[in-house]
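Novice: Next up is a structure, given as structure tokens.
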Amino acid sequence: MKDLISMAIETSCDETSVAVLKNGRDVLVNLISSQIDVHKRFGGVVPEVASRMHLESINNIIEEALEEGDIGFEDLDFMSCTKGPGLIGALLVGVSASKALSYSLGIPLVGVNHMQGHICANYISHKELEPPFISLVVSGGHTYLIEVLSYADYNIIGRTKDDAAGESFDKIGRAMGLSYPGGPQIDRLAKQGNPKAVDFPRVMMDSKDYDFSFSGLKTAVLNYINHQKQKEEDLNVEDICASFQASVMDVLVEKSFRLAHEKGYKIIAVSGGVAANSELKKRMEERGQEENIKIYFPEPILCTDNAAMIGCAGYYDFINGKTEDLDMRVDPNLEL
């Protein structure tokens, strides 16, 4: 059987990324141009700035990817790109570039759901991983508990009702004066703090469903910070980070394992930007050993937004006959 070579483009937020893959799981090259240093000045992602930077970078990164992968355009069998969810202007840059290449090269185009890409990141890091399993996807904009039935079929069992886990990390980080993105800073500072110093709420941890809510926790932390400032007391940033992070992790871990037991699964695969959090990985793996459940995390570079995961998801869509016409539209609110 002929190897399938594909190029994937990811521009959903503030990373311009291009990857070349063989048969969906063998990454020949995965280039990522991050805009974090630029957006850090504003305390978060500025959509218009992100779109312009994608435009400035995309052609050069495509050329670099071909050069590093030692292939030409003529070697590509199909294109994959993120069509949503994400920032509409940012998405349009990657989709437009992918359409142009699909049309000019006469090869199929696959539009990929960004969340499906996060799930597939573990397929790249762990070649032995196969469905079915439970997937916990925790990113800046989404928090999902998903039953992965096959490479193409997903059953969403739980999702956030308001703020996503990653979003709450960034907002709490900003309130404490930490640089963007807040997640890595909180993870680092929490190691030096006491997770029991402040009793923040574990919202919806004991609810009978598998949904999440982090807005109330975020408000509780902000109120605590404001109260300390009003009393003119110094903030123990390390303790606040550790206590806040413990509240998030308690809910994520508890609901993930409860669902695995209810559905009878022995595998939980975690992905998304928050999957790079060291405490989440430690807690999941320790609980997994105790309860004989195998835990998977992608490599750190595959936790954040990248084109390799989009290419992997695009491969499974492609071999299942899911391709797009050139009139494909981006969908900033695309559901899985």
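Novice: Would you check if Met1 is in contact with a strand residue (DSSP E or B) (Cβ under 8 Å, 6 or more places away or on another chain) and modelled with pLDDT under 95?
Specialist: On the way: in contact with a strand residue (DSSP E or B) (Cβ under 8 Å, 6 or more places away or on another chain): no; modelled with pLDDT under 95: yes.
The answer is no for Met1.
Novice: Considering Ser125, Ser98, which residue is under 13 Å from Ala8 (Cα atoms), touching a residue at least 24 places away in the same chain (Cβ under 8 Å) and of a type in the set (S, T, N, Q)?
Specialist: Just a single option satisfies the conditions, and that option is Ser98.
Novice: Oh, and also: Given the residues Ser179, Ser102, Ser96, which is the only one that is among the hydroxyl-bearing types (Ser, Thr, Tyr) and in a loop (DSSP other than H, G, I, E, B)?
Specialist: Ser179
Novice: Regarding Phe257, is this residue surrounded by 14 or more Cβ atoms within 10 Å (Cβ to Cβ), part of a helix (DSSP H, G or I) and either touching a strand residue (DSSP E or B) at 6+ places or on another chain (Cβ under 7 Å) or in the same structural domain as Ser168 (by TED's automatic domain parsing) (or both)? It would help to see each step written out before you state the result.
Specialist: Numbers: surrounded by 14 or more Cβ atoms within 10 Å (Cβ to Cβ): yes; part of a helix (DSSP H, G or I): yes; either touching a strand residue (DSSP E or B) at 6+ places or on another chain (Cβ under 7 Å) or in the same structural domain as Ser168 (by TED's automatic domain parsing) (or both): yes.
Against the criterion (surrounded by 14 or more Cβ atoms within 10 Å (Cβ to Cβ), part of a helix (DSSP H, G or I) and either touching a strand residue (DSSP E or B) at 6+ places or on another chain (Cβ under 7 Å) or in the same structural domain as Ser168 (by TED's automatic domain parsing) (or both)), Phe257 qualifies.
Novice: May I pose another question? List, please: which pairs have Cβ atoms under 8 Å, are six or more places apart or on different chains, and start with a residue in the range 75-87 that is without any contact (Cβ under 8 Å) to a residue 12 or more places away in the chain and end with one that is part of a helix (DSSP H, G or I) and of a type in the set (Lys, Arg)?
Specialist: If the second residue must be part of a helix (DSSP H, G or I) and of a type in the set (Lys, Arg), no pairs are left.
Novice: Further question on the same structure: From the residues in the range 141-163 that are out of contact with any strand residue (DSSP E or B) (no Cβ under 8 Å at 6 or more places or on another chain) and in contact (Cβ under 8 Å) with a residue 40 or more places away in the chain, which one is nearest to Tyr123 (Cα to Cα)?
Specialist: The residue in question is Tyr151.
Novice: Taking interchain pairs and intrachain pairs at least six residues apart, which have beta carbon atoms under 8 angstrom, with the first residue in the range 216-237 and farther than 24 Å from Ala164 by Cα and the second assigned to a loop (DSSP other than H, G, I, E, B)?
Specialist: Here the result reads Gln228/Asp234; Gln228/Leu235; Lys229/Leu235; Leu235/Met176; Asn236/Gly193; Asn236/Ala197, each pair linking the range 216-237 to a residue that is assigned to a loop (DSSP other than H, G, I, E, B).
Novice: Please tell me if Asn60 is modelled with pLDDT of 95 or more and more than 30 Å from Ser256 (Cβ to Cβ).
Specialist: Values: modelled with pLDDT of 95 or more: yes; more than 30 Å from Ser256 (Cβ to Cβ): yes.
For Asn60, the condition - modelled with pLDDT of 95 or more and more than 30 Å from Ser256 (Cβ to Cβ) - is met.
Novice: Out of the range 123-168, which residues are of a type in the set (A, V, I, L, M, F, W, C), surrounded by 21 or more Cβ atoms within 10 Å (Cβ to Cβ) and part of a loop (DSSP other than H, G, I, E, B)? Explain how you work it out, then say what you get.
Specialist: Kept after step one, since they are of a type in the set (A, V, I, L, M, F, W, C), are these residues of the range 123-168: 124, 129, 133-134, 136-138, 145-146, 148-149, 152, 156-157, 164-165.
Narrowing further to those that are surrounded by 21 or more Cβ atoms within 10 Å (Cβ to Cβ): 124, 133-134, 136-138, 145-146, 148, 164-165.
Passing the criteria: only Ala164.
Novice: Then there's this: Ser6 fails exactly one of the following numbered conditions: (1) touching a residue at least 60 places away in the same chain (Cβ under 8 Å); (2) out of contact with any helix residue (DSSP H, G or I) (no Cβ under 7 Å at 6 or more places or on another chain); (3) among the polar types (S, T, N, Q). What is the number of that condition?
Specialist: All conditions are met except number (2).
Novice: Another question about this same structure. Count, please, the residues in the range 14-28 that happen to be outside any strand (DSSP E or B) and out of contact with any helix residue (DSSP H, G or I) (no Cβ under 8 Å at 6 or more places or on another chain). Spell out how you get there, then give the answer.
Specialist: Of all residues in the range 14-28, those outside any strand (DSSP E or B) come to 14, 23-25.
Restricting the remaining residues to those that are out of contact with any helix residue (DSSP H, G or I) (no Cβ under 8 Å at 6 or more places or on another chain) gives none.
Total meeting the criteria: 0.
Novice: Then there is this: For the range 105-122, give me each residue that is in a helix (DSSP H, G or I) and among the polar types (S, T, N, Q).
Specialist: Selection gives Gln116, Asn122.
Novice: For the range 83-95, state whether one or more residues are crowded, with 23+ Cβ neighbours inside 10 Å, in contact with a helix residue (DSSP H, G or I) (Cβ under 7 Å, 6 or more places away or on another chain), small (Gly, Ala, Ser) and on the phi > 0 side of the Ramachandran plot.
Specialist: Yes: one or more hits.
Novice: Further, regarding this structure: Restricting attention to the range 214-225, does a residue exist that is more than 13 Å from Ala242 (Cα to Cα) and either touching a Gly at 6+ places or on another chain (Cβ under 7 Å) or among the basic types (Lys, Arg) (or both)?
Specialist: Of the residues in the range 214-225, the ones more than 13 Å from Ala242 (Cα to Cα) are 214-220, 222-225.
Still in the list and also either touching a Gly at 6+ places or on another chain (Cβ under 7 Å) or among the basic types (Lys, Arg) (or both): 218.
Among the residues of the range 214-225, at least one is more than 13 Å from Ala242 (Cα to Cα) and either touching a Gly at 6+ places or on another chain (Cβ under 7 Å) or among the basic types (Lys, Arg) (or both), which makes the answer yes.
Novice: Looking only at residues in the range 169-185 that are of a type in the set (D, E, K, R) and over 15 Å from the mean Cα position of the chain (by Cα), which one is surrounded by the most Cβ atoms within 10 Å (Cβ to Cβ)?
Specialist: Lys171
The values are calculated or read from the model by the stated rules, or taken from the named source; none is laboratory data. The structure displayed is predicted, hence computed values, not measured ones. All Cβ positions, glycine included, derive from the backbone under ideal geometry; neighbour counts span all protein chains shown.
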